[in-house]
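Undergrad: Take this structure, written in structure tokens, and hold onto it; I'll ask about it next.
The values are calculated or read from the model by the stated rules, or taken from the named source; none is laboratory data. What you see is a predicted model, and the numbers here were worked out from it, not measured in a lab. Positions of Cβ are backbone-derived with ideal geometry, glycine not excepted, and every protein chain shown enters the neighbour counts. What goes into the accessible areas is simple: the full protein's heavy atoms, side chains included, and nothing from ligands, DNA or RNA. Shrake-Rupley method; radii C 1.70, N 1.55, O 1.52, S 1.80 Å.
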Amino acid sequence: MTDTVATEKLNTKDVKRFTEGSLFRNILLFSLPLMLSQVLQVLFNISDVIIVGKGSANPTIPVGAVGSNSTLLTLFTGFLIGLGAGVNVRVAQYLGAKKEDDVKSTVSTSLVLSVIMGLLIFAVCFIFAENILVMLETKSELLDKAVIYLKIYSCGMPAMAIFNYGNGVLSAAGDTRRPLIYLTASGIMNIGLNFFFVLVCKLDVEGVALASIITQYVSAILVTVRITTVKGDYKLDFKKFVFSGKKAAEVLYLGIPAGLQNAIFAIANIFIQKSINHTFPYKVVTGNGVSQNVDSIIYNVMMAFYTACSTFIGQNYGAGKKDRVLKSYFISTGYAFVIGSVLGISSYIFGRPILSLFDPDPEVVAAGMEKLKIMGVCYGIGAFMDASLAASRGLGKSLAPTIIVIMGSCVFRFVWLYTVFAKYQTIPSLYLLYPVSWVLTAIFEIGYFFMAYTRQK
């Protein structure tokens, strides 16, 4: 972390110190609201797909149009989430080091960066919506609706950028409860607006897109109000607003690789989906799509502990407490492994009734269970890869860990698709690429983290 001269009179009001106290207890209490936030986001996104076709004579078209944008939106939103992770780590480090001036300049500078990124993504999506969707081979009968949905939805990208920025700042200070409250309120509003626009106003893709951007701006406003009214030194004070090129570079150094990693994951998943579409009958394709809802919930629950890992390591690294850095890594990894394993095994045990909620067709459920049979016992393995990546970011290292995860979890998957899967073309030969890539990537991520850890000053 860059050393700068700063006052030691940090205002500790509204800031939770993770440099003292029980790590087992504090990491768990920090992560629980994040878990609920992540699960709620997944459930609210699922509600868009369920509701969008309710007011249409042919619901397949609006549902397909929204679904055609899902991977693309994951790509762009993943980039903004990565930028928010960069904000989180830098603010946490300076809070841990009690460097008041650095905290303030990082908070204000990061807001400018986030708004700029949100506006850039909005411009790209709005101007090139049709070109992008045609490039992704969107079905012709879905294209018009898909373009409308993407153009409207993209108007909420600046708000999404601001919320992820605010979430990064608040979680760095230990406040994960308020983002949960804001997401819950906006999510409930989103469902209500979905019904209003779709059933009352007779809008389908336009309706759910409008509902999304309205609630995104509501959550962005709520998180901004909170940051501008806190008493701690992470307060956003527009009267003392500072933009620092140095702080911008520090945040981008962490945020850009994290965002690119999320984007490349989305691109890799596009190729995997194309392989499934090309190889298997449509009911297997549908079963895979249905089981992805289970994937999303489990992954997002585990991700709460990765955020905790980078936040706790960031604060303790800033405070120079090397022993607590290592303990934070082990405890966060352990929690993520346990919850991933429990939820994964449970998803297989109770998989049939869960999958039936989305599609009761026995062939679709059977296809989804083929995936859960392999993935269910393997979800916990992913903890060693992702927690190690988050731990390195907590130390301020982002580029090398991102290159490792891209090579291990993206490039390796491409190779697997065109060698192992191309030869056998079976469900097991496809889904085994996930745990194998997790193990390989985890080995290198763990090695890099311990190398960076031992080199700490």
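Undergrad: Lysines within cross-link reach of K283: Cα-Cα under 27 Å, excluding same-chain residues under 8 positions apart?
TA: Cα-Cα hits under 27 Å: K54, K139, K145, K274, K371, K373, K423.
Undergrad: I would also like to ask the following. Report, in whole Å, the centroid distance computed from the Cα atoms of the range 107-151 and the range 319-393.
TA: First find each Cα centre; the distance between them is then 30 Å.
Undergrad: Right, another one. Could you list the trypsin sites (Lys or Arg not before Pro) in the range 155-248 that lie in coil according to DSSP, counting only those with at most 13 other Cβ atoms within 10 Å of their Cβ?
TA: Within the range 155-248, the qualifying trypsin sites (Lys or Arg not before Pro) (loop, at most 13 other Cβ atoms within 10 Å) are K202, K231.
Undergrad: Ok, one more. On the protein heavy atoms, probe 1.4 angstrom, tell me the percent of accessible surface of the chain carried by carbon and sulfur.
TA: 68
Undergrad: For K104, go through the aspartates and glutamates and keep the ones whose alpha-carbon is under 19 Å away, minus same-chain ones fewer than eight residues off.
TA: Within the straight-line cut-off, K104 pairs with D3, E8, D14, D175, D233, D237, E250.
Undergrad: Right, something else. Applying a 10 Å radius around every beta-carbon, put 351-357, 192-198 in order of their mean neighbour count, most first.
TA: 192-198, 351-357
Undergrad: Related question: Quick one: angle between helix 322-349 and the longest Cα principal axis of the chain, in degrees between 0 and 90, rounded to 10, please.
TA: Around 20 degrees separate the two axes.
Undergrad: What do you get for trypsin sites (Lys or Arg not before Pro) in the range 85-126 restricted to DSSP loop and a cutoff of at most 11 other Cβ within 10 Å of the site's Cβ?
TA: Within the range 85-126, no trypsin sites (Lys or Arg not before Pro) qualify (loop, at most 11 other Cβ atoms within 10 Å).
Undergrad: Averaging over every viewing direction, what projected area does the convex hull of the Cα atoms of the range 55-203 cover, in nm²?
TA: Directional mean of the projected Cα hull area for the range 55-203 stands at 9.6 nm².
Undergrad: State in Å² the accessible area per residue of the range 225-269; use a 1.4 Å probe, count heavy atoms of protein chains only, and round to the nearest integer.
TA: 46
Undergrad: Can you tell me how much longer the chain between I50 and F450 gets when fully stretched, taken as 0.36 nm per residue apart minus their C-alpha distance, in nm with one decimal?
TA: Length gained, I50 through F450: 139.5 nm.
Undergrad: Tell me the per residue accessible area of the range 373-457 using a 1.4 Å probe; a whole number in Å² is fine.
TA: 42
Undergrad: Where does the longest stretch of the chain lie that holds no GluC sites (Glu not before Pro) found in a DSSP loop with 13 or fewer other Cβ atoms within 10 Å?
TA: Here the longest segment lacking exposed loop sites spans 138-457.
Undergrad: Considering all projection directions equally, how large on average is the shadow of the alpha-carbon convex hull of the chain, in square nanometres?
TA: Mean projected area of the Cα convex hull: 20.6 nm².
Undergrad: Would any residue of the range 428-457 have its amide N under 17 Å from a label point 7 Å out along Cα→Cβ of A400? List them or say none.
TA: Under cut-off, by backbone N: 441-457.
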